[in-house]
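The values are calculated or read from the model by the stated rules, or taken from the named source; none is laboratory data. Every value quoted in this text rests on a predicted model; they were computed, and no experiment measured them. Quick reminder, even Gly has a Cβ in these numbers, built from the backbone with ideal geometry, and neighbours come from all protein chains shown. Keep in mind that these areas ignore ligands, DNA and RNA; they rest on the heavy atoms of the full protein, side chains included. Shrake-Rupley method; radii C 1.70, N 1.55, O 1.52, S 1.80 Å.
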Amino acid sequence: MLEFPRVKEILAGYTSFSLSREMAMKLQPLTDYERISLLLKQSGEARRLLSLEPYFSIGGITDVREAVRLAARDKVLEPQRLVEIQSALVAIRELRRNLGKLSKELPLLWSIAEGIVEQRQIEKNIGDCIAPSGELLDTASPRLIELRQRMRDVREHLVKKLEAIVRSSKGEKIVQEPIVTEREGRYVIPLKIESRKELKGIVHDMSNTGATVFVEPWATVELGNELRELVLEEKREVERILKDLSAEVGAHEAEICAGIELAAELDVALAKGKYARVVRATEPSLDAFDGKGVLKLAEARHPLLGVKAVPLSVELGKDFSGLVITGPNTGGKTVALKTAGLLSLMTQAGIPIPALPESSIPVFDGIFADIGDEQNIEQTLSTFSWHISNIVRIIKNTTRKSLVLLDELGTSTDPAEGSALARSILLHFLSQGTMTVATTHYGDLKAFAHTTPGLQNASLDFDPVTLTPTYRLRVGIPGGSNALATALRLGIAPGIVSKAREMLSGGSLELEQMLADVMTEKLKAESLSKDLEKRLGEVELRKAELDNEARRLMERERQVIQDMRDKVLREAADLQREIREALSGLRKEKSKERIEQAKKSLAAVQEKLKGESWRPKPQIGRAGAADDGRIAVGDTVLLKDADVRATVLSVSEESGQVEVQAGQTRLTLSLDNVVKIQSSPKVALPAPVRAVSRPSRRAVPMELDLRGKHADEVEPLLDSYLNDASLANMSEVRIVHGFGTGTVRAIVRDLLASHPLVKAFRSGGRNEGGDGATVVSL
């Protein structure tokens, strides 16, 4: 009734050989959740395989199992059958190899292909003995080579001897035609009937006209006999070779037959993938009926209607277990009923369904249908007794895990009694918890479904303007039958329809009009809802665009400020270099003018960097007050380890270090090793000079890695490292600055050139980092 065999025929059309087609035609709905789930996952992997390799196929496999079974029973196979077996073995081996390449992406298909046992030796043995055309090769055995060579020699000798007789003066007179021919495996000469006694020999044949006799001369009989013996020996050798090859095939009957069957299983999975690609089908999720089963169809289409199918969406079993579908005649109620049943059958047979992936199908223990509309199904007798006998069978066999489909429930009898009986039947299935879908035209059933918990109305739309069905299912609203409008559309005379309309009761007309008005208002509401959703989507999209633009502008602002800070820091680095040069010159010139000038310039630059215009603006919504205890240039601090006051010369928050002046000594320390005593005065007072005892230093590494550091971080880190290395009595260290743009390298080498602790420096050697590092002697 649901036309499941027709779906199997379509699926079988995508298979590649007879066995897989047979398997497709034998598919049946299953009730084993794990097996169904596996089949659907295999189908999903087949779709994935075809998306990766659209032209993937199983190759030229044929069903050779019967020939293999004959070989296993000591039957000698013909050369052509052996060639077919070899081709099949090559094809399944290639299939296994190709899927092996995708074993990680397609583990389930590979688990099938992995079971194929390769028979390379059989392939080779058959290929060495038999040509693809089915002819046994001379090289099949040494004995065959020898026999065929002797046959060629004897045949050549024999033919030459016969040709000599034909060309002789005597022969020219007695032969009918100057040729050498063959009769019954013997080489003969065609003689004129009147000259047959002129040449002694054996007559093997005579022409239809009786004018020619075919004679084997006595002179060549021995050669003919030798050739005949060689032919018989060759035949025995060929039979021996074919027997050996057949025995080898028969010895591996189980592996070969299993490989063909596994290939067919893979071909069926591929057929499902090809079918899904054509009809846009997917694998729904499965509901195991652990609790309350739910049948959910999302944009589902009847698989036999092709592009004409109108999608339907329905969810049964969650809020209600019974659905009563009403609507116009020829409006698609029966198609909706069949769609739910057929897609459930397909799912439980492991076949993808034409619906969206969010669809869900329970594993029903039975699907029961009472459909007697003769639409694409075998003709049935649509009488009340036939329907009732069907329903009796259904009631006896259903459980809460079944699906029941009832078309035109309660028809073919008195409407009042039929309606009452229909309501009672629906209540029975409702009390049992059985999912039920029924179609009807009874108004009583529409009201009954509306007022009964667990039941729900649904309708097929009817366009009130064109008076034609739209075939769209809507859940929650009953539909009118629109019988008069349908009759008018199908050709009933308008006068007859008008007369019928007059005969209807006022209540019936009002109900039909009310349903039409409700449908019109529902369509308007849905249109408005779609428009609002569209506008909301546009607003959210615009908001997201504006947010992205705001973030982009903030990032751009931070980047600009950072670029300017880097520029100023480079200028500050140049000034610090000038200070070091001035210090070096001071030792020579005994003059402080240059260094004081450089210090003033550097202080100005650092003050500029502390300004608000060079700080990234905080993000909106974040709160936090400035830390009044922050150490700044010019502050007086206490060195924790030495209990000595010092003045802050520079602060690097990123590296967490501070440079201070304690008397005539300049030190670079961690911020954690100093404590701010008072706010920075306008004029820094010199700290009292006193002896400083240095604490013991930790172990100092042999190299300093400055890669990735900002320009303003390089000098304090390098100066601190050189101080520590010197105190550790190290004679040589390595500074790693990398290649990059060369900025860090230039800063490093400018500082080293004037640093009082540096004796000399050079670029790193081949094993020391090359020009990306500088080796310093202290």
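Residues in region 341-372 that are open to solvent by less than 10 Å² (accessible area, probe 1.4 Å), aliphatic (A, V, I, L, M) and part of a helix (DSSP H, G or I): Leu342, Leu343, Met346. With respect to (1) in contact (Cβ under 8 Å) with a residue 40 or more places away in the chain; (2) touching an Asp or Glu at 6+ places or on another chain (Cβ under 9 Å), the lone exception for Ile36 is condition (2).
Across region 305-334, the number of residues qualifying as open to solvent by less than 50 Å² (accessible area, probe 1.4 Å) and either over 14 Å from Leu473 (Cβ atoms) or touching a His at 6+ places or on another chain (Cβ under 8 Å) (or both) comes to 7. Comparison of Leu266, Leu230, Leu262 shows that the only residue that is in a helix (DSSP H, G or I), buried (at least 22 other Cβ atoms within 10 Å of the Cβ) and touching a residue at least 24 places away in the same chain (Cβ under 8 Å) is Leu266. One residue stands out among those in region 49-66 that are charged (D, E, K, R) and free of Cβ contacts under 8 Å to residues at least 60 places away in the same chain: the one that is farthest from Val83 (Cα to Cα), which is Glu53.
Of the residues making up region 132-154, just one is open to solvent by less than 20 Å² (accessible area, probe 1.4 Å) and free of Cβ contacts under 8 Å to residues at least 60 places away in the same chain, namely Gly134. Here is a check on your reading of the model: is Ala684 modelled with pLDDT under 70 and in contact with a strand residue (DSSP E or B) (Cβ under 6 Å, 6 or more places away or on another chain)? Answer is yes for this residue. Restricting attention to region 388-424, the residues that are open to solvent by less than 70 Å² (accessible area, probe 1.4 Å), in contact with an Asp or Glu (Cβ under 7 Å, 6 or more places away or on another chain) and either in a loop (DSSP other than H, G, I, E, B) or over 17 Å from Ala340 (Cβ atoms) (or both) total 5.
Does Thr15 meet the test of being open to solvent by less than 30 Å² (accessible area, probe 1.4 Å) and touching an Asp or Glu at 6+ places or on another chain (Cβ under 8 Å)? It is true that Thr15 is open to solvent by less than 30 Å² (accessible area, probe 1.4 Å) and touching an Asp or Glu at 6+ places or on another chain (Cβ under 8 Å).
Taken together, the criteria place Lys243 among residues that are basic (Lys, Arg) and out of contact with any strand residue (DSSP E or B) (no Cβ under 6 Å at 6 or more places or on another chain). Selection of first residues in region 422-435 that are under 21 Å from Thr326 (Cβ atoms) and among the β-branched types (Val, Ile, Thr) and of second residues that are open to solvent by less than 70 Å² (accessible area, probe 1.4 Å) and assigned to a helix (DSSP H, G or I), restricted to Cβ pairs under 7 Å at least 6 apart or on distinct chains, gives the following pairs, ordered by first then second residue: Ile425/Ile391.
Among residues of region 77-96 that are within 14 Å of Val117 (Cβ to Cβ), those with a Cβ under 6 angstrom from a residue that is at pLDDT below 95 and hydroxyl-bearing (Ser, Thr, Tyr), sequence gap 6+ or separate chain, pair up as Ala88/Thr62.
Within region 285-304, the set of residues being on the phi < 0 side of the Ramachandran plot, open to solvent by 10 Å² or more (accessible area, probe 1.4 Å) and not small (Gly, Ala, Ser) comprises Leu286, Asp287, Asp290, Lys292, Val294, Lys296, Arg301, His302, Pro303, Leu304. Considering (1) in contact (Cβ under 8 Å) with a residue 12 or more places away in the chain; (2) over 30 Å from Ser402 (Cα atoms), the lone condition that Lys41 does not fulfil carries the number (2).
Listed here are the residues, each with its yes/no results for (1) basic (Lys, Arg); (2) open to solvent by 10 Å² or more (accessible area, probe 1.4 Å); (3) not in a loop (DSSP other than H, G, I, E, B).
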position	(1), (2), (3)
Glu45	no, yes, yes
Tyr55	no, yes, no
Leu82	no, no, yes
Leu108	no, yes, yes
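Being in contact with a Lys or Arg (Cβ under 9 Å, 6 or more places away or on another chain), exposed (fewer than 15 other Cβ atoms within 10 Å of the Cβ) and touching a residue at least 12 places away in the same chain (Cβ under 8 Å): is that true of Phe761 here? Answer is no for this residue.
Report, by residue number, each residue of region 710-733 that is charged (D, E, K, R) and surrounded by 17 or more Cβ atoms within 10 Å (Cβ to Cβ). Answer for region 710-733, where residues must be charged (D, E, K, R) and surrounded by 17 or more Cβ atoms within 10 Å (Cβ to Cβ): Asp712, Glu713, Glu715, Asp719, Asp724. Scanning region 110-131 for residues that are open to solvent by 20 Å² or more (accessible area, probe 1.4 Å), closer than 16 Å to Glu248 by Cα and acidic (Asp, Glu) turns up Glu118, Asp128.
Considering Leu490, Leu467, the condition of being closer than 30 Å to Ala336 by Cβ, at pLDDT below 75 and open to solvent by 90 Å² or more (accessible area, probe 1.4 Å) is satisfied by Leu490 alone.
Looking only at residues in region 90-106 that are part of a loop (DSSP other than H, G, I, E, B) and either touching a helix residue (DSSP H, G or I) at 6+ places or on another chain (Cβ under 6 Å) or not aliphatic (A, V, I, L, M) (or both), the one that is most open to solvent (accessible area, probe 1.4 Å) is Lys104. Among the charged types (D, E, K, R) and modelled with pLDDT of 85 or more: does that describe Glu713? Considered against the rule, which asks whether it is among the charged types (D, E, K, R) and modelled with pLDDT of 85 or more, Glu713 comes out as no. Candidates are the residues of region 633-669 that are over 21 Å from Leu718 (Cα atoms), open to solvent by 20 Å² or more (accessible area, probe 1.4 Å) and hydrophobic (A, V, I, L, M, F, W, C); the one that is modelled with the highest pLDDT is Leu638.
Which of the residues spanning region 155-179 are part of a loop (DSSP other than H, G, I, E, B) and either open to solvent by less than 40 Å² (accessible area, probe 1.4 Å) or polar (S, T, N, Q) (or both)? Selection gives Ser168, Gln176. Taking region 238-251 as the search range and keeping residues that are closer than 19 Å to Ile145 by Cβ and open to solvent by less than 20 Å² (accessible area, probe 1.4 Å), which one is nearest to the chain's Cα centre (by Cα)? The qualifying residue nearest to the chain's Cα centre (by Cα) is Leu245.
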